[in-house]
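Below: one structure, written as C-alpha cells.
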Amino acid sequence: MAVKRMKKLSIICQKTAQEQILRLAQELQQIEVENIFEDEGNQEWLAEYFSESRQQTTDRSPLENSVRHIQEAIRFIRDNGSAKEKITELKRRDTGLSEFEQSFDQSQLEAELSRIDDLKARWETNLSATRQFQEQEDWATDWQSLDIATESPRLKTTALLTGTVPNEQWDAFSEKVSSYPAVYLEFVAAKAKETAFALAFLRSEGNKIHQLLQDFGGRVENPPYQGKPKQILADAKSQLDSLTAERKQLTKEIGEKKLLVADLQKAEEILLTRVERENARAGIIQSQYLAVIRGWIAEKDISSLEKRMAKAFPDNQVYLSFEDPTAEEVAANKTPTKLENGKLVAPFEMLTEMYSIPRYDEIDPTPWMMPFYLVFFGMMVADLGYGLLMLLVTTVALKAVVLPKGTRRFMKLFQYLSVSTIAWGLIYGSCFGVEMPVYLLSPSKDFMAIFGLSMVFGGIQIFTGLFLAGKENLKKKDYLAAVNQGFSWQGILAGILIAAAGALVLKSDTVTILGAILAIVCALAVLATSTLSAESKVGGFFMGLYDLYGITSYIGDFVSYSRLMALGISGGSIAAAFNMLVGYMPPAARFTAGVVLIVILQGLNIFLSLLSAYVHAARLQYVEFFGKFYSGGGRAFKPLKPAEKYMNFIDENGGKE
C-alpha cells in the first residue's frame with residue numbers, strides 16, 4: 001500500500017450551516033480543516049472576493065472553563081466522597097457522535113455543577129473552621145493549667161505575664177526569679193522545646209522582669225483567645241466535634257454524587273468535542289451570508305462525504321469542489337500525509353510514526369519494514385512460552401476490553417509479534433527457558449549458524465533498502481541518483497559477497513574473479529554518476545571517491561545485525577539461569593517460595609526481553625534500513641474529530657450511512 005492520494009476540499013455554504021457541517025466533519029473524521037488565514041496562497045482570492053470579511057473571533061474560554069469546572073468537580077467527588085459509595089465511571093465503548101450528543105442537557109449539567117459547588121463551598125468552610133479550632137485546641141492544651149482568664153483586669157500595683165523560655169534555660173530562669181521576693185512564678189506546661197509559665201509581679205519590677213526574659217531567651221505570650229484556657233479548650237473540642245459530624249454528613253452527600261461521575265465525564269467529552277469545533281471555526285472565512293471552509297480529504301473518502309452532504313443539505317444547498325494538490329503545495333510540505341495499509345500492516349504504522357511520517361510524495365516504508373520487524377522481534381525474544389503469554393494477554397485485552405484506539409493498535413501490534421515469537425521459540429526449542437526435545441537450532445550449540453542467519457537477514461534488508469533507493473529515484477526520473485545511491489551499491493556489495501564466497505567457500509577462482517569484476521564495474525559506475533551529476537567534474541570525481549569510502553559503513557551495518565543473535569541467546573540463557581536457581585532450592589522451598597520467585601524472575605525477564613526486542617528491532621529499521629532510502633519529515637493528516645477522552649467514536653460515516 002502507500003500514501004493516500006489527497007484532494008484539496010472547498011466548501012461554500014450559508015453562514016448558518018457552519019456548525020452543522022463541522023459536526024458532520026467530526027462524525028466522518030475524514031476532513032482536515034485548514035486555517036484559511038494562515039496560508040499565504042489564499043491571500044489573493046481573499047482580497048478579491050472577501051475584502052470586507054474578517055477572521056471569525058471564536059471565544060473558546062466559556063467551553064474550556066466549563067471543561068475545567070467539570071474536571072474539578074470530578075476530582076472533588078473522587079477525593080472527598082464516602083469510600084462506601086462506589087464510583088460510576090463512564091464505560092468506554094464504540095459509538096457514533098450524533099447519537100452520543102443527543103442526550104446531553106446543558107441546563108441539567110449546570111444545575112448539577114451548582115449543587116456540587118455548594119457542597120464544595122460547605123466542605124471548604126468546614127475545613128477552614130476545623131483548622132482554626134484545631135489551632136485553638138493546640139494552644140489551650142498547652143495552657144490549660146493556667147487557672148485565670150487571659151483577659152484578667154488591669155491592676156494598679158500588680159502585673160500579670162505569661163511567657164515561655166527554652167527548656168534548657170528553665171531551671172536557671174526559675175532559680176533567678178525566686179531571688180526576687182516581689183515576683184511569683186508558676187509553672188504551666190513543658191512543651192517540646194519551651195516551658196510555659198505565668199508571672200505575677202509588682203509593676204515597679206517590670207523593667208527587671210523584661211530584662212530577665214531577654215537574658216534567658218524568653219518571650220512574652222500574648223494569648224490569642226479570651227477566657228480561661230480550660231474553657232477555651234472545652235469550646236474548641238465541642239466545635240471540633242460538631243465540625244466532624246458535619247464533615248461526615250458532607251462526605252456522605254459527596255459520596256452520593258459518585259453515581260453522577262459517568263454523566264459528568266459524558267458532558268466533559270461532549271464539551272471537549274465542541275472545543276475542537278471552535279478551534280476549526282477560527283479558520284473559516286465568512287461574509288454577510290456565506291462561509292467558506294477549506295481543507296484536505298483523501299480521494300477515496302470523497303464519495304462518503306458527498307453522500308452525507310446530499311442527505312444533510314438536499315437541493316444543492318452546499319457547494320463542494322475538489323482539486324489536486326499543486327506541485328508547490330507538495331514541495332512546501334503543505335499537503336498532509338495519510339497512510340493507507342491493510343489490517344496486517346496498519347499496526348506497524350506506529351513504528352513509522354515514531355521515526356517520522358513520510359512526505360506526501362514519498363514512499364510509505366511501513367509495508368517494506370513490517371516483515372523485517374516481525375522476524376527480527378521474534379528472533380530476539382524467541383521463546384514459545386513468552387509468545388503464548390503475549391498472544392493470550394493481547395487477545396483477551398482486544399476481545400474483553402474496549403480500549404482507546406491508540407492502545408488497541410499497540411495491542412494489535414504485539415498480538416502479531418507474539419506469532420513471530422512463538423515461531424522462533426519453536427525453532428530455538430525454548431519455552432520459558434526450558435529446552436524442548438525438538439528444535440531446529442539450539443542457541444547453546446548452533447550460535448555460529450544463528451550468527452550467519454542474522455547476517456543473511458541483515459543482507460536481505462540492506463539490499464531491499466538499496467533497491468527502494470533506486471526505485472524511488474527512478475520514480476522521480478533521477479536516473480543518475482538511482483544508479484549512484486541504489487543499484488550500484490547493490491552490485492558492489494553483491495560482488496564482494498560473491499568474491500568472498502568463491503575464495504572462502506567454493507574455492508573457485510572463476511567465481512572470485514566474477515565477483516571482483518562486478519564490484520569494480522559498479523564502483524566505476526558510482527564514480528561516473530557522481531562526476532556526471534556534478535557541475536564541477538573534478539569535484540564530482542572526488543565526491544565519488546568519498547562515496548566509495550562509505551563502503552566501510554556497510555561493515556558496521558552488517559555487524560549491527562549480530563544483535564539478532566545476541567539478544568535471542570541472552571534472553572533464553574537468563575531464563576534458563578533463573579530456572580536453575582530455583583531448581584537448586586530444597587523441595588519444600590521450591591514448591592512454595594520458589595513458585596513465587598520464578599514467577600517474579602520470569603516476569604522480569606519477559607519485560608526486559610520485550611523491551612529490548614522492541615527497541616533494538618526498531619533501531620535496525622531506523623538506522624540500517626530507513627537510512628538507505630527514506631527521509632520522512634511529512635505533515636501528518638489531522639482530521640477534525642472528537643477528543644475521544646472517554647469514548648471511541650466510530651469514524652467513516654459516524655456509524656451510519
Q.
Sort 395-408, 126-139 by the packing proxy (mean of other Cβ within 10 Å over each peptide's residues), most packed first.
A. 126-139, 395-408
Q | Whichever lysines have a C-alpha closer than 16 Å to that of Lys252, once near sequence neighbours (fewer than 8 apart) are set aside | A | Lys84, Lys86, Lys120
Q) Can you list the lysines whose alpha carbon sits under 20 Å from that of Lys300, skipping same-chain ones fewer than 8 residues off? A) Lys4, Lys7, Lys8, Lys311, Lys334, Lys338, Lys343, Lys638, Lys641, Lys656
Q | q = 0.13, 0.14, 0.17 Å⁻¹: log10 I(q)/I(0) that the Debye formula gives for region 317-429, counting C-alpha atoms only | A | -0.63, -0.69, -0.88
Q: For region 117-267, give the magnitude of the charge dipole about the Cα centre (Cβ charges: +1 Lys/Arg, -1 Asp/Glu; no others), in debye to the nearest 20.
A: 240 debye
**Q.** Selected from Ala523, Asn473, Tyr289, residue furthest toward positive end of dipole (the chain; charges at beta carbon)
**A.** Ala523
Q | Accessible area of region 87-216 divided out per residue, in Å², using a probe of 1.4 angstrom | A | 59 Å²
Q. Expressed as a whole percentage, what fraction of the accessible surface of the chain belongs to carbon and sulfur atoms when a 1.4 Å probe is rolled over the protein heavy atoms?
A. 59 percent
Q | Cα-only Debye scattering, region 178-217: base-10 log of I(q)/I(0) at q = 0.18 Å⁻¹ | A | -0.55
Q. Setting aside same-chain residues fewer than 8 positions from Lys228, which lysines have a Cα under 25 Å from its Cα?
A. Lys156, Lys191, Lys193, Lys237
Q. Put +1 on the Cβ of each Lys and Arg and -1 on the Cβ of each Asp and Glu in the chain; which of Gln134, Gln71, Ser444 then has its Cα farthest toward the positive end of the dipole?
A. Ser444
Q: Using only Cα atoms, tell me the angle between helix 61-80 and the longest principal axis of the chain; keep it within 0 to 90° and round to the nearest 10.
A: 60 degrees
Q) Once region 84-182 is represented by equal point scatterers at the alpha-carbon sites, with solvent omitted, what log10 I(q)/I(0) does the Debye formula produce at q = 0.11, 0.12, 0.20 Å⁻¹? A) -0.69, -0.75, -1.22
**Q.** Ordering of 379-390, 482-493, 510-521 by packing [mean C-beta count within 10 Å, highest first]
**A.** 379-390, 482-493, 510-521
(Q) I need the phi-derived Karplus couplings for region 614-623: 6.51 cos²θ - 1.76 cosθ + 1.60, θ = phi - 60°, integer Hz, Gly and Pro marked x. (A) 4, 6, 6, 5, 5, 4, 5, 5, 5, 9
Q | Using θ = phi - 60° and Karplus 6.51 cos²θ - 1.76 cosθ + 1.60, couplings along region 308-317 (whole Hz; Gly, Pro as x) | A | 5, 5, 5, 6, 7, 10, x, 6, 6, 6
Q: Largest first and in whole Å, give the semi-axes of region 226-311's equivalent ellipsoid, each being the square root of 5 times a Cα gyration tensor eigenvalue.
A: 62, 18, 10
Q) In Å², what does the accessible area per residue of region 426-513 work out to with a 1.4 Å probe? A) 53 Å²
Q. Once you have the alpha carbon radius of gyration of the chain, what is it after dividing by 2.2 N^0.38 Å, with N set to its residue count?
A. 1.51
Q. How big is region 574-618 on each of its three principal axes, counting only the C-alpha atoms and giving the largest first in Å?
A. 44, 15, 6
Q) Which values, in whole Å and largest first, are the semi-axes of the equivalent ellipsoid of region 556-656 obtained as the square root of 5 times each eigenvalue of the Cα gyration tensor? A) 42, 27, 8
(Q) Given Cβ point charges of +1 (Lys, Arg) and -1 (Asp, Glu) and nothing else, what value in debye, to the nearest 20, does the dipole of the chain about its Cα centre take? (A) 1260 debye
Q) Could you give the semi-axes, largest first, of the ellipsoid that matches region 1-156, computed as the square roots of 5 times the alpha carbon gyration tensor eigenvalues and rounded to whole Å? A) 60, 24, 15
Q.
Ranking request for peptides 564-571, 304-311: highest mean number of other beta-carbon atoms within 10 Å first, then the rest in descending order.
A. 564-571, 304-311
Q) Does anyone have the angle between helix 447-475 and the longest principal axis of the chain? Alpha-carbon axes, 0 to 90°, nearest 10? A) 80 degrees
Q: Normalising by the residue count of the chain, find the relative contact order in percent from Cα pairs under 8 Å and 6+ residues apart.
A: 24 percent
Q: Could you size up the charge dipole of region 20-148 around its Cα centre, putting +1 on the beta carbon of Lys and Arg and -1 on that of Asp and Glu, and report it in debye to the nearest 20?
A: 740 debye
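Hey, what's the Kirkwood Rh for region 148-203 if you take every pair of different alpha carbons, in angstrom?
Details: mean 1/r = 0.0831 Å⁻¹.
The Cα-based Kirkwood calculation yields 12.0 Å.
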Q) If you line up the long axis of helix 106-143 against the longest principal axis of the chain, both from Cα atoms, how many degrees apart are they, to the nearest 10? A) 50 degrees
Q) Got a sec to turn the phi values of region 362-372 into Karplus ³J(HN,Hα) couplings, 6.51 cos²θ - 1.76 cosθ + 1.60 with θ = phi - 60°, whole Hz, x for Gly and Pro? A) 10, 5, 8, x, 4, x, 7, 7, 3, x, 5
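The values are calculated or read from the model by the stated rules, or taken from the named source; none is laboratory data. Since the model is a prediction, treat every value here as computed from it, not as a measurement. Note that we place each Cβ from the backbone using ideal geometry, even for glycine, and neighbour counts take in every protein chain shown. Ligands, DNA and RNA are excluded from the accessible area calculation, which covers all protein heavy atoms including side chains. Shrake-Rupley method; radii C 1.70, N 1.55, O 1.52, S 1.80 Å.
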